[in-house]
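One structure below.
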Amino acid sequence: MDRVKARHSPILAFIFTLARCRAMQGGGRDRGNEVPVGPVAYVRLSQALRKTMTRFVSSLFTRPALFVYAGIGITLATTGVTVASLYEMRLDAMAQARDAAQNLVISLQKEIERNLDIYQLAMRDVATTVETPSIERLPPDVRQLIAFSSATNATELGALFATDATGKLVLDSQSIQPRKFNVSDRDYFQVQRRQRNVGLYISSPFLSRTAEPGVPRIALSRRLEDKNGQFAGIVAGTLRLSYFQQLFEDSILRRHDSITLLRTDGTVLMRQPFHEGDIGKSLAGGHSFPPLVQSGHGTYIDVAVLDHIERLYSFRRIGSYPLVVVVGFATDDIYAEWRKRAITIGLVCVIVDALLILLSLMFSRQLRKRLTMEHRLQRLAWFDSLTGLPNRAQLQIEALRILTDANRNASTLAVLFIDLDRFKRVNDTQGHAAGDEVLSEIARRLRNQIRAEDVIGRLGGDEFLAILQDCDVQRATHIAGRILQAVYQPILINPTQDTRITISASIGIALSPHDGEETDILLRNADLAMYQAKSAGRNQVRFYAPEYERQAKEQLELEIALQRALRKNALSVAYQPKVDATGVLCGVEALVRWDIDGQNSIAPDRFIAIAEESGLIAEMDAWVMGEACRQLAEWRAEGLDVPSMSVNVCAADFKLPDYPGFVTRTLQSHGLVAADLTLEMTERVLFDESVDDIRKSLDAIHALGIALSIDDFGTGYSSLSYLHRFAVKEMKIDKSFVQGIGSDEMAESLAQSLIHIGNILKLTVTAEGVETHAQRDFLSAHGCHLYQGFLFSRPLAPRDFARWAKAHRPCLSPGDLACGQDV
């Protein structure tokens, strides 16, 4: 009977076999006799035992009831996971809103702080003008130009002025002769008069008495003191509150979101949505206000005092200014999308749970293992390990799929080639670990800027590619702008030291089918457009145009030809005289020229730009300097008295190892001294990102006695500060100002002002591009020292220059830049 039951029950069979095994192994009695068991019999019984256990385990996965129990357990588990996921999604919705609010408030804070910094700079220039007695001797129009030169960058500045101790205007950006009104009743004047160390004060909103009476404004003021430390007046600038209104309106907000600008005393300066009655109200009574002004930045949830809507608020102090900008996202709007997803996910969860009950635990486990393995292999083969984005191979597959769908549906798509600007300096200065962190953060931001049906991937290095479906020019422009803005936000790479870096991107866009119907062609054209964006100054967007391909080909051909020309000494140097007002030779400038086959002349601006982009500029400048020094020595050996030689240099030259030593060796090899050479550089050299290294070379060159000249002054940054920081002896007025003399009053005023500035700073002022006697006479009448231009001579070959120079005797000793100046 035991054997019959065992055939129908694996459990009973297991127990029965186990009992027999123990009995036979340890011995027992059968009808009074002992039955010993040998080794062979024991092995056979062990095998039977293992087979019985295998059948028992297998039966657990074949009985329907067990699948139901397993299904119920899995259902409970999946339900719990779903609930937890929904909770996490709710937290993520709030976290994303918090990130968005923080990003927006940072963007607004930086924009406002940047403009306020400009205002402060303009106010400091006015204060410097008021406090500098020597400037009072200048003509009123020149004095006003110097005082308010920085105000041109402050487009929202209503008026910039300085007052005396009684509140009467003494300098006015609106008029050469200050307007006759008094500001002593304004709070920004009274506060500065009463308190000595108040610093920058931002006033309460007020209505102007002169311009745009109905437009509310605020004022920024600083105290002026006489030499005894007594109150002498203020410098103030007014700011239209409509600037903040427009800035806030340009932000992407939902219906119940808000942006508020507060003074630290709680006064509302501007709020979006805008209600005129909110301006000037005080929020100091709210319980959230103390932390708002006691901390530099933060986030909190509260019910608004003004409209009683609960919002997630993110605030940030605007630099050192007594201002706080607050961004508020309504919590109902934050969770609206989450509620929709929760309902959808809940329904799906019910359906999935019902199906899970019917699944086999064994097969589901095997399937999960198989899918996990396939997923891992797929991730390794098709996705970038650092950023998690599709790699180049996956992008090609996705691009082909999207392009096929677009051709089938007769729709357009856009390919965005995204390249980070100057990313190499991140690796060089912060290390590759920080570079990887930056790439990961940039990838996350890029992923957030595109739709789910679009594709974003990493091509390699700092290059990314986005493929946008059903995308026209307008949408491509909009998304590219969002990407630029997202990339430009500061990235925290060291939380312990609060180290942040800011990086930009250049984007090239190609559209299908207009710019190509194959993936390789679209990618190449987007790449060409991206390089155009970099050439335009970086942090730009450019669409592909057919001429880019032609330009790229010509650029490459010219670069190759330029390399050959440098190797074969096929370049030449022309020499243009520098003369005084009477036409007497005072110096010469070496200008590189390139003639192909002795016929076709390449414009200097073009091949010099190619040399800078390809890295050939330093080699070319070194050759020009050697050739110019050789020629100067040759002329002097022939008895031709040429006072000095000017050579153009660039930022790349000053970055070379021991560049001052190279200049010294070049002079010595031709028997020249430091006074024989002047190095001309454009303003942008002094604003290069490696300015510290450049400063060291400039200081060393100045110590050798070599003169430094600022070329094309007025066309670049035109900051007067570097004329003090760097040992500059000459300032060359760009020809664009000179050419307008006689026909353009603004050009005449600017040229006159530049000459005055140069004379005040005791610099030699040289005018370029002088072509008429009227231009020469005007410049001479206002104190210009030296001249270059076709009125005196074009750039000449060495022999032609020698013939010209014999007729023009130098007026001073060689190497003296101040030829024509009273010394």
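Some observations on this one:
- Condition broken by ALA93, with the remaining ones in (1) at pLDDT below 75; (2) part of a helix (DSSP H, G or I) satisfied: (1)
- Boolean, ASP421 is of a type in the set (Asp, Glu) and farther than 21 Å from THR519 by Cβ: yes
- ALA700 being in contact with a His (Cβ under 8 Å, 6 or more places away or on another chain) and either outside any helix (DSSP H, G or I) or at pLDDT 65 or above (or both): no
- So ARG524, is it outside the structural domain of LEU416 (by TED's automatic domain parsing) and either in a helix (DSSP H, G or I) or modelled with pLDDT of 90 or more (or both): no
- Scanning region 163-203 for residues that are more than 11 Å from GLY233 (Cα to Cα) and in contact with an Asp or Glu (Cβ under 6 Å, 6 or more places away or on another chain) returns ILE176, PRO178, ARG179, SER203.
- In the set (1) touching a strand residue (DSSP E or B) at 6+ places or on another chain (Cβ under 8 Å); (2) over 16 Å from GLU463 (Cβ atoms), ALA545 fails one condition alone, (1).
- Residue within region 488-496 that is at pLDDT 90 or above and either closer than 16 Å to PHE417 by Cα or over 19 Å from the mean Cα position of the chain (by Cα) (or both) present: no
- Residue check for GLY296: in contact with a strand residue (DSSP E or B) (Cβ under 7 Å, 6 or more places away or on another chain) and surrounded by fewer than 15 Cβ atoms within 10 Å (Cβ to Cβ): yes
- Hits in region 570-601 - residues which are surrounded by 18 or more Cβ atoms within 10 Å (Cβ to Cβ), out of contact with any Lys or Arg (no Cβ under 7 Å at 6 or more places or on another chain), among the β-branched types (Val, Ile, Thr) and within 17 Å of VAL770 (Cα to Cα): VAL579
- Exactly one residue out of SER535, SER504, SER512 is modelled with pLDDT of 85 or more and closer than 30 Å to ASP621 by Cβ: that is SER504.
The rows are residues; the columns are (1) on the phi > 0 side of the Ramachandran plot; (2) surrounded by fewer than 13 Cβ atoms within 10 Å (Cβ to Cβ); (3) at pLDDT below 90.
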{"position": "THR404", "(1), (2), (3)": "no, yes, yes"}
{"position": "LEU420", "(1), (2), (3)": "no, no, no"}
{"position": "GLY431", "(1), (2), (3)": "yes, yes, yes"}
{"position": "VAL438", "(1), (2), (3)": "no, no, no"}
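- Of the residues making up region 619-633, those that are farther than 20 Å from ASP712 by Cβ and either in contact (Cβ under 8 Å) with a residue 60 or more places away in the chain or under 36 Å from the mean Cα position of the chain (by Cα) (or both) are GLU619, ALA622, TRP623, GLN631.
- Within region 779-808, considering residues that are surrounded by fewer than 20 Cβ atoms within 10 Å (Cβ to Cβ) and in contact with a helix residue (DSSP H, G or I) (Cβ under 7 Å, 6 or more places away or on another chain), the one nearest to THR764 (Cα to Cα): GLY783
- Of all residues in region 648-687, those that are more than 14 Å from ILE710 (Cβ to Cβ) and over 27 Å from the mean Cα position of the chain (by Cα) total 21.
- When PHE726, PHE737, PHE713 are checked against the criterion of being modelled with pLDDT under 85 and either buried (at least 22 other Cβ atoms within 10 Å of the Cβ) or of a type in the set (Gly, Ala, Ser) (or both), a single residue qualifies: PHE713.
- Residues being under 27 Å from TYR300 (Cβ atoms) and in contact with a helix residue (DSSP H, G or I) (Cβ under 8 Å, 6 or more places away or on another chain) - total across region 78-102: 7
- The combined condition, being of a type outside the set (Asp, Glu), in a strand (DSSP E or B) and on the phi > 0 side of the Ramachandran plot, is not fulfilled by GLY280.
The values are calculated or read from the model by the stated rules, or taken from the named source; none is laboratory data. Remember, it's a predicted structure, so these values are computed and weren't measured experimentally. Here the Cβ is made from the backbone with ideal geometry for all residues, glycine too, and neighbour counts use every protein chain on show.
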